[in-house]
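First comes the structure, then the notes that go with it.
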Amino acid sequence: MSTHRFLEVFQSAFETGHLLKCILSKPTAGAIPDLKNIHIRLVTLKNGVKIAFNYRYQTRDEVKNYTLPEALGHLQHLLGTSFQNAVLLTTERDYSLRYEKDGTALLSDNKPSMTSPIDTAHNREKKRLLDPAAPWLHALGITSAKGEVLAAAQDKWRQINKYLEIIENLLRSHPLPTDARIADMGSGKGYLTFALYAFLKDSMGLQPQVTGIELRPALVDFCNKTAQNNGFEGLQFVAADINDYHPERLDMLIALHACDTATDLALAAGIRQQAQIIVAAPCCHKQIRRDMATRNEMAPVLRFGILEERQAEILTDGIRALLLEANGYKTNVFEFISTEHTAKNVMITAITSKKEAPKQKVLDKIAALKAGFGIREQGGGRK
Ligand SMILES: C[S@@+](CC[C@H](N)C(=O)[O-])C[C@H]1O[C@@H](n2cnc3c(N)ncnc32)[C@H](O)[C@@H]1O
């Protein structure tokens, strides 16, 4: 009778959306060998809400998703025969079912220990930071006229979303002023610049002035027209060399895949203008590789071209991070997006730090690195 009642409660909790979780424990001698317990919860899959049984063995877990009738069938089969205890948590009550040695079952209930629903999303898409139906995404060739991300633009779409996720996290700890002044140096075709602007305006509620700086006038014209067509008043593009762009105020500097030493020029501009936040994803790293004449214990290893190339990249980005630190930034270097999507996958972020930077100490470290690898300069000497 108690088993029957337990199953009824389980069914009703599922049907009314009150079911939180259920755990079967204390396996009997007749249980599957090594099966310790089963944790049951709801999962939202493409084809609706299912009941996930996580079979927890000594050394592994196995999850199976069932419909309600299947779940009830399995429970009926397991209760009392394979497990002596079962608890069922709902938002209304907690239920506990216990089997005695003689097989009698005791069902008790109590005040609920959890009252808020559990997130059942299983293969839910990550939170959307942009609306794929936005017309500018179509204008930039990322989505179809129906607002579907084009097959050829899937990597770009992933990159855009990852980028915005990073920006969102940075701004959570380091908010920008509402009228933030932002420069995106080496903005290229502009899709990351547009994404940043739309995100800051629509999701963060800012009224930013975002300027893309780009050498190629045709791209600048196209981006300016697209910005106008979409009513993006605070977004503009300027045909200029990063080195010649000196805004009066710069709150955030972006430099994504700016070619070779253009990243250094951009970082130098950010430091010069005392940008509060700097976000850079370096591109090709040619300059240091050309200069390198390793004089330290790495020399025998760096005879191999591919290793020298990788070492040059590490040194380039490492020295960039140290230079930012020497200039009073708290810096981070991490993988932007996995190499599966792009080979240019390192990101450097820097935020102004209130702590006084041990400038000379950091500069000494940079000098030692440069001496060890025979590097004369970094950044093309145009800073
Ligand atoms: C690889 S694209 C990256 C575009 C975009 N930021 C992105 O990540 O998709 C680099 C762009 O930087 C521009 N660029 C390179 N050096 C520059 C400089 N000194 N000043 C302005 N733009 C520059 C190039 O013309 C190119 O469009």
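Only a single criterion out of (1) surrounded by 15 or more Cβ atoms within 10 Å (Cβ to Cβ); (2) of a type outside the set (S, T, N, Q); (3) modelled with pLDDT under 90 is not satisfied by Arg290, namely (1).
Applying the criterion of at least 2 residues that are more than 18 Å from Ser2 (Cα to Cα) to the strands (runs of 3 or more DSSP E) found wholly in the stretch 52-103 leaves 61-66. Give the stretch 116-144 a look and list any residue that's at pLDDT 90 or above, among the small types (Gly, Ala, Ser) and not in a loop (DSSP other than H, G, I, E, B), or say none. Residue satisfying the conditions is Ala139 alone. Annotation: Cys284 fulfils all but one of (1) at pLDDT below 95; (2) within 16 Å of the ligand (Cβ to nearest atom); (3) not in a loop (DSSP other than H, G, I, E, B); the unmet one is (3). Within the stretch 211-230, residues that are closer than 14 Å to Ala258 by Cα and in the same structural domain as Met185 (by TED's automatic domain parsing) sit with their Cβ atoms under 7 Å from residues that are aromatic (Phe, Trp, Tyr) and more than 10 Å from the ligand (Cβ to nearest atom), at 6+ positions apart or across chains, in these pairs: Gly212/Phe237; Glu214/Phe237.
Please enumerate the residues belonging to the stretch 173-192 that are within 7 Å of the ligand (Cβ to nearest atom) and under 15 Å from Ile213 (Cβ atoms).
If we filter the stretch 173-192 for residues that are within 7 Å of the ligand (Cβ to nearest atom), which is where we start, we get 184-189, 191-192.
Passing the criteria: Asp184, Met185, Gly186, Ser187, Gly188, Lys189, Leu192.
Every condition in (1) part of a helix (DSSP H, G or I); (2) surrounded by fewer than 24 Cβ atoms within 10 Å (Cβ to Cβ); (3) hydrophobic (A, V, I, L, M, F, W, C) is met by Leu206 except one, and the failing one is (1).
Filter the stretch 46-67 for residues that are of a type in the set (A, V, I, L, M) and closer than 14 Å to Lys21 by Cα; which is farthest from the chain's Cα centre (by Cα)? It would help to see each step written out before you state the result.
From the stretch 46-67, those of a type in the set (A, V, I, L, M) are 49, 51-52, 63; that's our starting set.
Those still in the list that are closer than 14 Å to Lys21 by Cα too: 49, 51-52.
Numbers: Val49: 26, Ile51: 29, Ala52: 27 Å.
Checked the stretch 46-67; the qualifying residue farthest from the chain's Cα centre (by Cα) is Ile51.
Within the stretch 210-265, the residues that satisfy the criterion of being under 28 Å from the mean Cα position of the chain (by Cα) and either surrounded by fewer than 16 Cβ atoms within 10 Å (Cβ to Cβ) or assigned to a loop (DSSP other than H, G, I, E, B) (or both) are Asn230, Phe232, Gly234, Leu250, Asp251, His257, Ala258, Cys259, Asp260, Thr261.
When the stretch 39-80 is filtered for residues that are under 19 Å from Thr28 (Cβ atoms), surrounded by fewer than 14 Cβ atoms within 10 Å (Cβ to Cβ) and of a type in the set (Ser, Thr, Tyr), only Tyr57 remains.
In the stretch 157-183, the residues that are closer than 17 Å to Arg249 by Cβ and in a strand (DSSP E or B) form Cβ pairs under 9 Å with partners that are of a type in the set (Lys, Arg) and at pLDDT 90 or above, at six or more places apart or across chains, as follows: Arg181/Arg249.
The values are calculated or read from the model by the stated rules, or taken from the named source; none is laboratory data. What you are looking at is a predicted structure, and each value in this text was computed from that prediction instead of being measured. All Cβ positions, glycine included, derive from the backbone under ideal geometry; neighbour counts span all protein chains shown.
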